[in-house]
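Read the structure below first, then the notes.
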Amino acid sequence: MRYVTSVERLAFQRGIELGIQQGEQIREQRGAQKGEARIIQRLLTKRFGPLNAETLTRLQTSPCEQLESWAENLLDAGFRSFRVERA
């Protein structure tokens, strides 16, 4: 078995810690995106009825920034003429 120096062990441990942190950040971002999409979906469904597959897909695959913009548009438009437009 190859000898592993203390520097190599520390570097390996630091790499593991960074990987864990990145994984947690990705999970947090995905959770936020799913939550925002779910809220917008519920609001749209309540106002307009069942959503078509294209709209659902667009909600589920859009980044948080786009979802936040749509949520603000929902409030500004008062639901009158809201459309989930292509990003």
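Of note:
- Nearest-ten-degree value, helix 6-48 long axis tilted from longest Cα axis of the chain: 10 degrees
- Stretched out straight at 0.36 nm per residue, the stretch from Ile39 to Leu75 would grow longer than its current Cα-Cα span by 11.7 nm.
- Exposed loop sites were defined as trypsin sites (Lys or Arg not before Pro) in DSSP loop states (anything but H, G, I, E or B) carrying at most 14 other C-beta atoms within 10 Å; in the chain the longest segment without such a site runs 3-79.
- Extending 7 Å from the Cα toward the beta-carbon at both Tyr3 and Glu28 defines two label points whose distance is 4.1 nm.
- For the chain, size of Cβ-based charge dipole, Lys and Arg +1, Asp and Glu -1, in debye: 320 debye
- The chain: most fluctuating residue of Leu75, Leu43, Leu59 per GNM, C-alpha cutoff 10 Å: Leu75
- Of the solvent-accessible surface of the chain, computed with a 1.4 Å probe over protein heavy atoms with every protein chain present, carbon and sulfur atoms account for 53 percent.
- Accessible area of the chain divided out per residue, in Å², using a probe of 1.4 angstrom: 82 Å²
The values are calculated or read from the model by the stated rules, or taken from the named source; none is laboratory data. These numbers were taken from a predicted model, which means no experiment stands behind them. Every residue, glycine as well, gets a Cβ built from its backbone with ideal geometry; the counts of neighbours run over all protein chains shown. Side chains are part of the model used for accessible areas, which takes the heavy atoms of the whole protein and leaves out ligands, DNA and RNA. Shrake-Rupley method; radii C 1.70, N 1.55, O 1.52, S 1.80 Å.
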